[in-house]
1. In the stretch 16-25, how many are touching a helix residue (DSSP H, G or I) at 6+ places or on another chain (Cβ under 8 Å) and over 19 Å from Ala5 (Cβ atoms)?
2. Give just the number: which of (1) surrounded by fewer than 10 Cβ atoms within 10 Å (Cβ to Cβ); (2) at pLDDT 90 or above; (3) part of a helix (DSSP H, G or I) does Pro24 not satisfy?
Amino acid sequence: MKNLAPYAKALVAAATAAIAFAIPIVDDGLKPSEVLGIIGAGLAGLGIVYAVPNRTEPKHRAEPGLIYGDEV
């Protein structure tokens, strides 16, 4: 389970994107093009979330004594 920890957020995003895409189109069965759309949505969610790094500190917080707009 520790091996999946770095990828957990991306995997949840992939599953969420695939399910969100699949819900409106599954009511009358699946066609091959719809299956490809579900897979594509899952891969897009996986790739986008995996590519964006997590921030440890919000960017809007300034250091003590620093005046806003003076960031280097």
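The values are calculated or read from the model by the stated rules, or taken from the named source; none is laboratory data. The structure presented is a predicted model; accordingly, all values stated were derived computationally and were not measured. All Cβ positions, even for glycine, are placed from backbone atoms using ideal geometry, and neighbour counts span all protein chains on display.
1. From the stretch 16-25, those touching a helix residue (DSSP H, G or I) at 6+ places or on another chain (Cβ under 8 Å) are 16-18, 20-22, 25; that's our starting set.
Still in the running and over 19 Å from Ala5 (Cβ atoms): 17-18, 20-22, 25.
Counting residues in the stretch 16-25 that are touching a helix residue (DSSP H, G or I) at 6+ places or on another chain (Cβ under 8 Å) and over 19 Å from Ala5 (Cβ atoms) gives 6.
2. Pro24 satisfies all of (1) surrounded by fewer than 10 Cβ atoms within 10 Å (Cβ to Cβ); (2) at pLDDT 90 or above; (3) part of a helix (DSSP H, G or I) except (3).
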